[in-house]
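Here's the structure we're looking at; comments come further down.
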Amino acid sequence: MAIPKVFISSTCFDLSEIREQLSKFVSSFGFDPILSDHGDVFYHPDLHTHEACVHEVSNCQLFILIIGGRFGGQYLADKEKSITNAEYKAAKNANIPVFTYIKSDVLSNHHIYSTNSKSDIADKINYPAIQKKEDAVNIFNFINEVRKESRNNGYEGFSNFSDIENHLRKQWAGMFFEFLKTREIKSQIDATNHLLSNLKNSNNKLEEIVKSLYISSSKDSKEAQESINSIENNSLMMEFFDTFHSLLINSFHSTIDFLNTDINDQTHIKIAKISPKGKSWSEYISALNIFELDFKEAISTENDININEEKNYKSNFFENNSTIDPGNLNNYKPYELSFKRVILVISKKYRISFKVNKYEEKNLSIIFNRAIMNTNTEDRLQFYKGYIEKLNLINV
């Protein structure tokens, strides 16, 4: 059975007793304590012992950092860091939960240092809790590094091991509770997704039955089919413009300022006569001038998305876009998660950036080619009358 490994990082000589007690405490939880002075680190023959310690951190699931009054040995690869500094950095880079404990007297000295840090005497003060005066600033800077992290930057002062033990018990109990709660929520989400999937399948079946009944009960089956096609086409057009409208809201938080208020009954016909033939979806939207947007250029730019974000985005995107087939991912490779940045001109006064994810762009292109390309002037006139009225009501 796999069990969590807990890396215990600190200077050894001054904190040896704390390290021993921590080792026993971690073992009592059924976890595997990893301490360099206990022979728990594999010293690879091709690596320096410093690198072996740092490398071992990434094999652990939890990291305990203890800061005392010694700076410790210099890290071979970076003489400005101690080995403990390097181990901590490796834990942060590997996104391992870190539990930091700082000796109370060192924290008190750190407060004195912080109070005087802007004066010339800060590095000249003799700090009683620091064994070597020349190491004081490095130790205090290390504490600042921990404190100023954007996340997982909590720390606790301690006078003896029982302080650490009591705090760790509460923290690990909290982690276990979060695990159980997350598991419960995931179960609820899975159940909801299953119900939605069944509902979607039932809806599709009901739709087919209604179509069949409508065609079979009509005197002219061809005319009935054309009527059904018109309804479906209108629905897809609504999906196209609703998707684009949502992208505008997400980018700018409002589309009120971007609506063309000059559109009225007289201009509906003019808009309807604009043919989508030979245009891309963005060129067509620009030509309509419903949103007073003028697409000038599209520039592909890299966007940093980690693997988990990529998986979550794919899952959410496919669930919410009916025209994309999640079973066929050949056209949706991971690298396509980079964003396409479209430069827009609004009322020809200023330029802004508008981000359209390539999945979203693909979906808009599919609907545009499948539905809008096949419309005639009358179809478009009926649609735009209703759609523009809907936009005006939303943005009143």
Within the stretch 217-241, which residues are open to solvent by 50 Å² or more (accessible area, probe 1.4 Å) and of a type outside the set (Ser, Thr, Tyr)? Lys219, Asp220, Lys222, Glu223, Gln225, Glu226, Asn229, Ile231, Glu232, Asn234, Met238
Determine whether Arg147 is modelled with pLDDT of 90 or more, closer than 21 Å to Thr115 by Cα and open to solvent by 80 Å² or more (accessible area, probe 1.4 Å). yes
Yes or no: the stretch 95-117 includes at least one residue that is more than 22 Å from Lys148 (Cα to Cα) and free of Cβ contacts under 8 Å to residues at least 40 places away in the same chain. no
Can Ala173 be described as in contact with a Phe, Trp or Tyr (Cβ under 8 Å, 6 or more places away or on another chain) and assigned to a helix (DSSP H, G or I)? no
In the stretch 75-86, which residue that is in contact with a Ser or Thr (Cβ under 8 Å, 6 or more places away or on another chain) and open to solvent by 10 Å² or more (accessible area, probe 1.4 Å) is modelled with the highest pLDDT? Thr84
Among Gly68, Gly72, Gly39, which is at pLDDT 90 or above, among the small types (Gly, Ala, Ser) and either over 26 Å from Phe140 (Cβ atoms) or touching a strand residue (DSSP E or B) at 6+ places or on another chain (Cβ under 9 Å) (or both)? Gly68
Can you tell me which residue within the stretch 118-144, out of those that are of a type in the set (A, V, I, L, M, F, W, C) and free of Cβ contacts under 8 Å to residues at least 60 places away in the same chain, is most open to solvent (accessible area, probe 1.4 Å)? Ile121
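The values are calculated or read from the model by the stated rules, or taken from the named source; none is laboratory data. Only a predicted model underlies this, so the values are computations on that prediction, with no experimental measurement involved. Note that we place each Cβ from the backbone using ideal geometry, even for glycine, and neighbour counts take in every protein chain shown. Note: accessible area is taken over every heavy atom of the protein model, side chains too, but ligands, DNA and RNA are not part of it. Shrake-Rupley method; radii C 1.70, N 1.55, O 1.52, S 1.80 Å.
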